[in-house]
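Down below is the structure, laid out as structure tokens.
The values are calculated or read from the model by the stated rules, or taken from the named source; none is laboratory data. Small disclaimer: the values here were computed from a predicted structure and weren't measured. As a convention, Cβ positions derive from the backbone with ideal geometry for all residues, glycine included, and neighbour counts pool all protein chains shown. Note: accessible area is taken over every heavy atom of the protein model, side chains too, but ligands, DNA and RNA are not part of it. Shrake-Rupley method; radii C 1.70, N 1.55, O 1.52, S 1.80 Å.
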Amino acid sequence: MKHTLTLLTVLLLASLAVCGVSARAAEPEKITNKTLVVWAAPANLTQRGGSALTLESQRGSFDGIVFGELAAGKWMAGSENFSRTDRNQAALPAETADAKTFVQMAIVYKGTQVTTYRNGVQYSQHVIGAPQSFGVRSA
């Protein structure tokens, strides 16, 4: 499957301090607070359902930066069965970058708050019921 999002750099930032992971923890380490960051140049603004970056647990749960899944031309925090996704995207601005212009998309998960940024400016924000935890071996 050919992806129409061009990725320049992909970063997954999950600092131990932000995640509250202790080196002395007896339980397996879990990541709940996290920041996903991607630089993308959308080659097709009408495409539907393109994931630019996904963090997936070994059980199939995922959080990701998704383009055009529920509304063409709009970014969103993706998740399995839209369980941590804001389905109301009517007020979100549509992407305007062309295939030669990279935009930075970042999604910050902190507790039950999910905030999306486009080029460092808040794009959307919503509250979820419960954060998804990921093991340190998630891909």
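In Å and whole numbers, how far do the C-alpha atoms of the stretch 31-139 stretch along each principal axis, longest first?
Computed over the Cα atoms, the extents are 36, 26, 25 Å.
Could you report the stretch 71-139's accessible area per residue, 1.4 Å probe, as an integer in Å²?
Per residue, the stretch 71-139 has an accessible area of 52 Å².
Quickly work out the S83-to-N119 label distance, labels modelled 7 Å from Cα along the C-beta direction, and quote it in nm with one decimal.
According to this spin-label approximation, the distance is 3.5 nm.
Whole-Hz Karplus ³J(HN,Hα) for the stretch 32-41, in order, using 6.51 cos²θ - 1.76 cosθ + 1.60 and θ = phi - 60°, x for Gly and Pro?
Karplus-based 3J(HN,Hα) across the stretch 32-41 equals 10, 7, 7, 10, 9, 9, 9, 10, 9, 10 Hz.
With θ set to phi - 60° and the Karplus curve 6.51 cos²θ - 1.76 cosθ + 1.60, what are the ³J(HN,Hα) couplings of the stretch 56-69 in order, to the nearest whole Hz, using x for Gly and Pro?
Ordered by residue, 3J(HN,Hα) equals 10, 7, 5, 9, x, 6, 8, 10, x, 9, 10, 10, x, 6 Hz.
For G78, what residues show an amide H to amide H distance below 5 Å, using hydrogens built from the backbone and excluding near sequence neighbours?
Amide H to amide H, under 5 Å and 5 or more residues apart or across chains, G78 pairs with G64, I65, V66.
What part of the accessible area of the stretch 78-137, given as a whole %, is carbon or sulfur when the probe is 1.4 angstrom? Mind showing how you got there, number by number?
Values: 1660 of 3370 Å².
In the stretch 78-137, the share of accessible area belonging to carbon and sulfur is 49 percent.
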